[in-house]
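Have a look at this one.
Derivation of every value follows stated rules applied to the coordinates shown; laboratory data play no part. Source: prediction; values computed, not measured. Reconstructed Cβ throughout: ideal geometry from the backbone, glycine too, with neighbour counts over all protein chains shown.
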Amino acid sequence: MTQTFYFSNSLYPAMESPLSDVLCLEDFSQEAFKDGRLFFVDATDQGYAMQACRALRSEPLASVYLKPIILTGVNGGVNQPLLLAADHTLPETVISPSILETVRISVAPMLQRIGRLPDKDWSSDTHVAFKILRHLFVRNMDLKPVRTAQMRSGFIYPQISCYPGAGDQGLWGILDTMKSQGLLSSYFFDKSYFCSRCGCAFLSFREVCSHCGSVNLFQEDLIHHFRCAYVGPQAEYRHGAKLSCPKCDKDLKHIGVDYDKPSTVYRCNDCGNTCQDADILSWCYHCGKQSLPEEMNQRVIHGYTLTALGENAALYGMDSLFRDLLSEKIHVLPLDYFKRFVDNEGQRIKRYGKSVSSLIYFHIKGLDQVCLELGDRALSIFNELSTIVTSILRQSDVTTALNNSLFLSILVETPMERAFSAISRLTSSASGLLNGHLNVSVDIKAYAFPVTGEVGVDTLIDEVMEHVNT
Ligand SMILES: [Zn+2]
Ligand SMILES: [Zn+2]
Ligand SMILES: [Zn+2]
């Protein structure tokens, strides 16, 4: 049976929907949800529904936070961003078998894509950029902005708004970076002005007096009297119900015959100044800052599409780029094969006692962050980095990856002394390369261990991990 979970703060759906385990937010447990296929969230109480959606999307496990969310009890009153954050909405609060079947069919492709993520059951995805990539990949959809009066930024990407960090203004920067990295491509949606102090999109644009800055202006027609050629504001011509010329005193009767209105002028009620063009000043609804047009921030609002590179990153991790490039230059063995090789090598050394080999590791800490900071330079710099790594290896050496940023190599017939000199060349060249391109310094670690056959390969790997984590 399809396992479903139903979040509700009312007991009613609990009793009536026997197909679901009904939970409240206090029941939240990542382990229990891993195998769940669907999350129903009762939207009768919108505040509660928002909280439940946020709690689910905050989880670090891909098989939990990416799962489809179905809002129930949806009627006209549910706010739009909340509706668009869900994968499916239902007017009912009670889930009958036939409703469940309909929903199950509609979310099947999504579940199938989640199944393609190799680390879905043990991932620890905390970076919002990575969660966004995976969310778009699993749903095979674009990221579309929507105008909203409920957020200061005036625009929201509702599909991802329940992810922590994706609902505030920092999101612009995250999306820009992902675009510069080639993970997303963008298309034009809108262009808008924002307050330069607080980023608020709600600005009131007013004409102000170019002389005293007052907003107390009114606009009036200019009148041109054909007969005497006098041009002046309409107020100067007005005498009760009729118009007469202030210069020649003649009455003006027919527009087009006696006079015309060539343009308009602004008159200031505070200082009396009249001018053809008033200044424009915006006033921020949030912080009250007044700005001239050139002082406001203008931003193009984009929709985003996942690129092929973004899809690859969604599947295998943001930091998989370096591993991919390295694998193009040397054969990176699966861990099982590597372990077998190290074991055999250990046995050979122990039996003949003639030669020595060394096991080295190489680790770049926070590689996903490095990747984000490098932006569109990541490809060429990681290419150089992989050349540095391969330059210390020989054809007979064997390499594996414990993850996307931690590599193990066995340097065959290489004593520890030579292994240490190789890794010191490696770390200094790699640090030089990365630190030369980044504002923050990168922590690169490498170390060597003797392969003697006295200890098993698992113990050796434990020693490596201990060294990496200290
Ligand atoms: Zn004025
Ligand atoms: Zn006149
Ligand atoms: Zn402001």
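With the cut-off at 1.5 for a/c, could you classify the chain from its C-alpha gyration tensor as rounded, prolate or oblate?
oblate
Counting pairs of alpha carbon atoms under 8 Å apart in space and at least six apart in sequence, what relative contact order in percent does the stretch 122-205 give?
Relative contact order here is 25 percent.
Another question, then. Would you please name the trypsin sites (Lys or Arg not before Pro) within the stretch 304-380 that are DSSP coil residues with at most 12 other C-beta atoms within 10 Å of their C-beta? Working shown, then result.
Details: sites: 323, 329, 339, 340, 348, 350, 351, 354, 365, 377; in loops: 354, 365.
Within the stretch 304-380, the qualifying trypsin sites (Lys or Arg not before Pro) (loop, at most 12 other Cβ atoms within 10 Å) are 354.
Restricting to bridges with both residues inside the chain, how much of the DSSP beta-bridge set is antiparallel, in percent to the nearest 5?
Beta bridges within the chain, antiparallel portion: roughly 75 percent.
Turning to a different aspect of this structure: Using a 7 Å offset from the Cα along the Cα-to-Cβ direction at both residue 149 and residue 395, what is the distance between the two label points in nm, to one decimal?
Spacing of the two 7 Å Cα→Cβ label points: 7.4 nm.
Determine, from the Cβ-Cβ distance of residue 443 and residue 216 and an R0 of 51 Å, the FRET efficiency 1/(1 + (r/R0)^6), rounded to the nearest 0.05.
Approximately 0.25, to the nearest 0.05.
Could you give the length gained by full extension between residue 379 and residue 264, i.e. 0.36 nm per residue of separation minus their alpha carbon distance, to one decimal place?
35.5 nm
For residue 223, which sequence-distant residues (separation of 5 or more, or a different chain) have an amide H within less than 5 Å of its own amide H, given hydrogens modelled in the peptide plane?
For residue 223, whose amide H was placed from the backbone, the distant partners under 5 Å are 232, 234.
With contacts defined as alpha carbon pairs under 8 Å and 6 or more residues apart, what's the relative contact order of the chain in percent?
About 12 percent, as a whole number.
Using the beta-carbon distance between residue 365 and residue 424 and R0 = 22 Å, what value does 1/(1 + (r/R0)^6) give for FRET efficiency, to the nearest 0.05?
Working: r = 18 Å, r/R0 = 0.81.
FRET efficiency, residue 365 to residue 424: 0.80.
First measure r as the distance between the Cβ atoms of residue 403 and residue 290, then evaluate 1/(1 + (r/R0)^6) with R0 = 41 Å and state the FRET efficiency to the nearest 0.05.
That gives a FRET efficiency of 0.20.
If you average the alpha carbon positions of the stretch 84-118 and of the stretch 122-167, how far apart do those two centres end up, in angstrom?
Distance between centres, Cα-based: 19 Å.
Could I ask something else about it? Here are some pairs, 179/445; 67/179; 131/179; 120/144; 339/365; which of them have Cα atoms lying more than 27 Å apart in this structure? Intermediate values should be presented prior to the final figure.
Details: 179/445 30 Å; 67/179 25 Å; 131/179 15 Å; 120/144 25 Å; 339/365 24 Å.
Violating the 27 Å limit, Cα to Cα: 179/445.
Once phi is turned into θ = phi - 60°, what whole-Hz ³J(HN,Hα) does the Karplus curve with 6.51, -1.76 and 1.60 give for every residue of the stretch 354-369, x standing for Gly and Pro?
My calculation for the stretch 354-369 gives 9, 10, 10, 10, 10, 9, 10, 10, 9, 9, 10, 6, x, 4, 5, 5 Hz in order.
Give me a comma-separated list of calculated 3J(HN,Hα) values for the stretch 236-243, in order, Karplus coefficients 6.51, -1.76, 1.60 applied at θ = phi - 60°, integers in Hz, x for any Gly or Pro.
Those phi angles translate into 5, 8, 6, 9, x, 8, 10, 10 Hz.
If I model a spin label at residue 198 and residue 244 as a point 7 Å from the Cα along the Cα→Cβ vector, what separation in nanometres do I get?
According to this spin-label approximation, the distance is 5.5 nm.
A follow-up question, please. Give the order of 248, 53 when sorted by the count of other beta carbons within 10 angstrom, beginning with the fewest.
Listed from fewest to most nearby Cβ atoms, that is 248, 53.
Scan the stretch 143-206 for chymotrypsin sites (Phe, Trp or Tyr not before Pro) in coil per DSSP, keeping those whose Cβ has at most 16 other Cβ atoms within 10 Å, and list them by number.
Listed in order of number, the matching sites are 202.
Next question. Looking at the stretch 319-468, send over the antiparallel percent of its DSSP beta bridges, to the nearest 5.
Of the beta bridges lying entirely in the stretch 319-468, close to 90 percent run antiparallel.
If each residue of separation counts as 0.36 nm, what is the full-extension length gain between residue 274 and residue 348 once their alpha-carbon separation is subtracted?
Using 0.36 nm per residue and subtracting the Cα-Cα distance, I get 16.8 nm.
OK, next. Taking θ = phi - 60°, what integer Hz values does the Karplus form 6.51 cos²θ - 1.76 cosθ + 1.60 yield along the stretch 127-135, in sequence order, with x for Gly and Pro?
3J(HN,Hα) across the stretch 127-135, in whole Hz: 6, 4, 4, 5, 4, 5, 4, 5, 4.
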